[in-house]
Amino acid sequence: MAQLSVHRNPDSGSRSEIPFLLILQHDLLADLATVVVAPLFEAHAFGAPVAILNPTFVIEDRRVVLSIAELAGISRSALGEEVATLTHERDNVMAALDLLFTGI
């Protein structure tokens, strides 16, 4: 479970609109029982993304939007299967976090 790995959403109630969760927490904290994630919404379910704050990606041929403002801590054991990584999108994810927390 590395930073920027994408996992299936284990919650059947929200999975149709939020198929994936993105791990935001750094690997140095891998011993913690919880992990900080942000939801990846189906683009059609999200609406208009805000520039920088809501980057879009394609995962398993699905266009998804990162809802960085809805980050949450969940149990590592609750995460679904790892399906992808967004390490190649690190700059976009970090820019979204910077905008959320610092306004820049």
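Given the structure, is Ala45 over 12 Å from Met1 (Cβ atoms) and part of a strand (DSSP E or B)?
no
Considering every residue within region 20-32, establish whether at least one is among the charged types (D, E, K, R), within 10 Å of the chain's Cα centre (by Cα) and either part of a loop (DSSP other than H, G, I, E, B) or surrounded by fewer than 21 Cβ atoms within 10 Å (Cβ to Cβ) (or both).
Keep residues of region 20-32 that are among the charged types (D, E, K, R), which gives 27, 31.
Those still in the list that are within 10 Å of the chain's Cα centre (by Cα) too: none.
Within region 20-32 (the criterion being among the charged types (D, E, K, R), within 10 Å of the chain's Cα centre (by Cα) and either part of a loop (DSSP other than H, G, I, E, B) or surrounded by fewer than 21 Cβ atoms within 10 Å (Cβ to Cβ) (or both)), the answer is no, since none of the residues qualifies.
Here is a list of conditions, (1) surrounded by 12 or more Cβ atoms within 10 Å (Cβ to Cβ); (2) more than 24 Å from Ile104 (Cα to Cα); (3) modelled with pLDDT of 95 or more, and Val58 meets all of them except one; can you say which number that is?
Failing condition for Val58: (1).
For region 50-104, give me each residue that is in contact (Cβ under 8 Å) with a residue 60 or more places away in the chain and basic (Lys, Arg).
Matches in region 50-104: Arg76, Arg90.
For the list (1) without any contact (Cβ under 8 Å) to a residue 60 or more places away in the chain; (2) within 26 Å of Ile104 (Cβ to Cβ); (3) in contact with a strand residue (DSSP E or B) (Cβ under 8 Å, 6 or more places away or on another chain), I need the number of the one condition that Asp27 fails.
(3)
For region 1-31, which residues satisfy the criterion of being under 11 Å from Val83 (Cα atoms) and β-branched (Val, Ile, Thr)?
The one that is under 11 Å from Val83 (Cα atoms) and β-branched (Val, Ile, Thr): Val6.
Given the residues Phe57, Phe101, which is the only one that is assigned to a strand (DSSP E or B) and not aliphatic (A, V, I, L, M)?
Of the residues listed, the single one that is assigned to a strand (DSSP E or B) and not aliphatic (A, V, I, L, M) is Phe57.
Give the residues of region 4-19 that are part of a strand (DSSP E or B) and either within 17 Å of Phe46 (Cα to Cα) or not basic (Lys, Arg) (or both), sorted by residue number.
Those that are part of a strand (DSSP E or B) and either within 17 Å of Phe46 (Cα to Cα) or not basic (Lys, Arg) (or both): Ser5, Val6, His7.
Given the conditions (1) without any contact (Cβ under 8 Å) to a residue 60 or more places away in the chain; (2) under 22 Å from Met94 (Cβ atoms), report the number of the one that Gly47 does not fulfil.
Result: Gly47 passes all but (2).
Out of Val65, Val93, report the one residue that is surrounded by 14 or more Cβ atoms within 10 Å (Cβ to Cβ) and touching a Gly at 6+ places or on another chain (Cβ under 9 Å). Full working, then the answer.
Numbers: Val93 fails: touching a Gly at 6+ places or on another chain (Cβ under 9 Å).
From the options Val65, Val93, the qualifying one is Val65.
Against the condition closer than 13 Å to Phe20 by Cβ and either over 11 Å from the mean Cα position of the chain (by Cα) or outside any strand (DSSP E or B) (or both), how does Ala51 come out, does it pass?
Answer is no for this residue.
Which is closer than 18 Å to Glu42 by Cα and of a type in the set (A, V, I, L, M), of Ile59, Ile74?
Unique residue meeting the criteria: Ile59.
The values are calculated or read from the model by the stated rules, or taken from the named source; none is laboratory data. Remember, it's a predicted structure, so these values are computed and weren't measured experimentally. Glycine gets a Cβ as well: all are built from the backbone with ideal geometry, and neighbour counts include every protein chain shown.
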